[in-house]
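Working notes, structure below.
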Amino acid sequence: MSRLGTLGARLYRGEVGYDFVAKRKIWYGISILITITAIVGLAVRGLNLGIEFKGGAVFTTPSTSVSVSKAQSYAEDASGHEAIVQKLGNGGLRIQVSELDQAQANKVNETLSDKMDIPAQKINAEIVGPSWGEQIATKAWTGLAVFMLLVVIYLAIAFEWRMAVAALIALIHDLTITIGVYALVGFEVTPGTVIGLLTILGYSLYDTVVVFDGLKEGSKDITKQTRYTYSEIANRSLNGTLVRSINTTVVALLPVAGLLFIGGGVLGAGMLNDISLSLFVGLAAGAYSSIFIATPLVADLKEREPQMKALKKRVLAKRAQAAAKGEQPDDSDEPDDGLHDDTATAGASGGVVGPRNRGRGRPSGSGKRR
């Protein structure tokens, strides 16, 4: 078995682990700082909305020897607005100028035809109205609201309302960070970006639900034992799915990174940036929130319940009593399930702890049977 596979098995059995839940205040602070940065970037710089949202004209030329920079200069001089020029695979150019009406678009078309020495009828000019982008945005927000509502209802029924609240906060966290990165980087927001934002919600929710499912199973009859607190069981469930979450995220990020850095960056296919940046940032933020935000939030909410407070007191009292006697806590009365094995937990220390000796070592003597 590979080292990663061995580590995953040991994490699942609770032989090793990191106490994510106990350090939740650190993760909350980091998330708040990132979120504030994203909101400030959004407020100060705003989003670079594409032509579909602002309206304008798109000019597509046949194959030409005119450079991208010269075509951009021609379009901006003729329109008085900023132009975005992209090289197409057939050698032509796609020139996008926002906030143009029909008369202005005709003027730009004539200028491009004259400066680039291309017949005007061979330049495909398309006028895009802002109402089309507004319809897309409205439908996207409506779809997002419906999705969030259905997620909350499903999680509240399948698990409990605390998990639904934690998952909702994690999703909002991911969306805010992704939108903030678009504002800070200045990438154009297009319908492809909207599709990417809606897509990342499913990825973000997947890892969270996997951890919640393990937590639901592990916390059955939790008040009937005195070995673990709810936070410790939540941390064990998180560690048990950690390697799978990392593997899933890495496998999903690799092709998206190829689109963003190689397709959009090296090869210059700028249109790939619309969707690839939202997917890349959203997938990374979703993996982070499922590990560092969603599960610790559930633990915080559950630990406020009177039953969980009473359980924590009993667990700590039992440990203190055992420590005073210099003994390990007696777990013989604990239920025998997947969480209550003969290995030490990734508890408050978060360190590597081996199996406890239950007196099952090799017997003394020569080893010969008489």
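The values are calculated or read from the model by the stated rules, or taken from the named source; none is laboratory data. Since we're looking at a predicted model, the values are computed, not measured. Cβ placement follows ideal geometry from the backbone for every residue including glycine, while neighbour counts extend to all protein chains displayed. When the accessible area is computed, the model is the full protein with side chains, heavy atoms only, and any ligands, DNA or RNA have been set aside. Shrake-Rupley method; radii C 1.70, N 1.55, O 1.52, S 1.80 Å.
Within the stretch 274-325, track down each residue that is under 26 Å from I30 (Cα atoms) and in contact with an Asp or Glu (Cβ under 7 Å, 6 or more places away or on another chain).
Selection gives G282, A285, G286, A287, S289, S290.
Under the condition of being more than 13 Å from G133 (Cβ to Cβ) and in a helix (DSSP H, G or I), which residue from the stretch 48-71 is least open to solvent (accessible area, probe 1.4 Å)?
Only one residue tops the list, namely A71.
Of the residues that sit in the stretch 258-286 and are surrounded by fewer than 17 Cβ atoms within 10 Å (Cβ to Cβ) and of a type in the set (G, A, S), which one is modelled with the lowest pLDDT?
Taking the stretch 258-286 as the starting set, the residues that turn out to be surrounded by fewer than 17 Cβ atoms within 10 Å (Cβ to Cβ) are 258, 261-262, 265-268, 271.
Filter once more, so that each one left must be of a type in the set (G, A, S): 258, 265, 268.
Values: G258: 83, G265: 57, G268: 54.
Ranking the candidates gives G268 first.
Being within 30 Å of D300 (Cβ to Cβ) and either among the β-branched types (V, I, T) or touching a Leu at 6+ places or on another chain (Cβ under 8 Å) (or both): is that true of I127 here? Write out each step before concluding.
On the way: within 30 Å of D300 (Cβ to Cβ): no; either among the β-branched types (V, I, T) or touching a Leu at 6+ places or on another chain (Cβ under 8 Å) (or both): yes.
So I127 fails the test.
Does A183 count as open to solvent by less than 60 Å² (accessible area, probe 1.4 Å), in contact with a strand residue (DSSP E or B) (Cβ under 9 Å, 6 or more places away or on another chain) and at pLDDT below 90? Spell out how you get there, then give the answer.
On the way: open to solvent by less than 60 Å² (accessible area, probe 1.4 Å): yes; in contact with a strand residue (DSSP E or B) (Cβ under 9 Å, 6 or more places away or on another chain): yes; at pLDDT below 90: yes.
In short, yes.
Please name all residue pairs, on different chains or six or more residues apart, with Cβ atoms under 8 Å, provided the first residue is in the stretch 121-134 and is under 17 Å from G192 (Cα atoms) and the second residue is modelled with pLDDT of 80 or more and part of a strand (DSSP E or B).
V128/G56; V128/A57; V128/V58; G133/L49
For the stretch 89-109, give me the residue count where each residue is surrounded by 15 or more Cβ atoms within 10 Å (Cβ to Cβ) and in a loop (DSSP other than H, G, I, E, B).
3
From the list T248, T190, T223, exactly one residue is farther than 25 Å from V152 by Cα, open to solvent by 30 Å² or more (accessible area, probe 1.4 Å) and not acidic (D, E). Which is it?
Numbers: T248 fails: farther than 25 Å from V152 by Cα; T190 fails: open to solvent by 30 Å² or more (accessible area, probe 1.4 Å).
Just one listed residue meets the conditions, T223.
If a residue must be in contact with a helix residue (DSSP H, G or I) (Cβ under 8 Å, 6 or more places away or on another chain) and either under 30 Å from S73 (Cα atoms) or outside any helix (DSSP H, G or I) (or both), how many such residues does the stretch 123-159 contain?
Looking only at that region, the number is 9.
Please pick out the residue among V165, V146, V210 that is buried (at least 16 other Cβ atoms within 10 Å of the Cβ) and at pLDDT below 90.
So the residue among V165, V146, V210 that is buried (at least 16 other Cβ atoms within 10 Å of the Cβ) and at pLDDT below 90 is V210.
Test G202 against the criterion of being exposed (fewer than 15 other Cβ atoms within 10 Å of the Cβ) and within 12 Å of the chain's Cα centre (by Cα), and give yes or no. Talk me through it step by step, then tell me what you get.
Values: exposed (fewer than 15 other Cβ atoms within 10 Å of the Cβ): yes; within 12 Å of the chain's Cα centre (by Cα): yes.
Spelling it out, G202 is indeed exposed (fewer than 15 other Cβ atoms within 10 Å of the Cβ) and within 12 Å of the chain's Cα centre (by Cα).
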